[in-house]
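Remarks on the structure that follows.
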Amino acid sequence: MPNTEKDFHDLKHYFALKLKAETQMTDVFRQVRDGKDAFVLLDTRSRNSFNKGHIPGAWSVPQNELDQHLPALAKDRTYVTYCYGET
């Protein structure tokens with residue numbers, strides 16, 4: 001089935017919203033390196049992994065606890081989450 005003009009419009013809208021919500025890893029690295037407080041880093045790995053090592057200034061919010069912490073997060077801040085295989 002060929003794509004319609006509406007399909008292309010919907011995809012363009014979806015990806016525009018996705019890009020607006022994402023932060024590039026190089027931008028995060030640069031801002032952490034330069035000590036800028038542009039966002040809060042949320043480390044969503046397990047607490048054990050966080051305790052073994054994490055990005056300076058990151059908050060430990062394991063992925064399985066994220067929903068319970070969301071209401072406490074300030075609405076006027078930008079949050080960047082990170083993890084790797086072990087959560």
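Every read-out reported here was derived from the displayed coordinates using simple, explicitly stated rules and does not represent laboratory data. Because the structure is a prediction, the values reported are computed rather than measured. We place every Cβ from the backbone using ideal geometry, glycine too, and count neighbours over all the protein chains shown.
Here are a few things to note about the model shown:
- Mean Cβ neighbour count within 10 Å, used as a protection proxy, ranking 16-23, 40-47, 56-63, 70-77 highest first: 40-47, 56-63, 16-23, 70-77
- Positive-end extreme of charge dipole, the range 1-83 - chosen from Ala72, Ser46, Thr4 (charges on Cβ): Ser46
- Total charge dipole magnitude, the range 25-87, about the Cα centre, Cβ charges on Lys, Arg, Asp, Glu only, Debye to nearest 20: 140
- Quotient of the Cα radius of gyration of the chain and 2.2 N^0.38 Å, N being its number of residues: 1.39.
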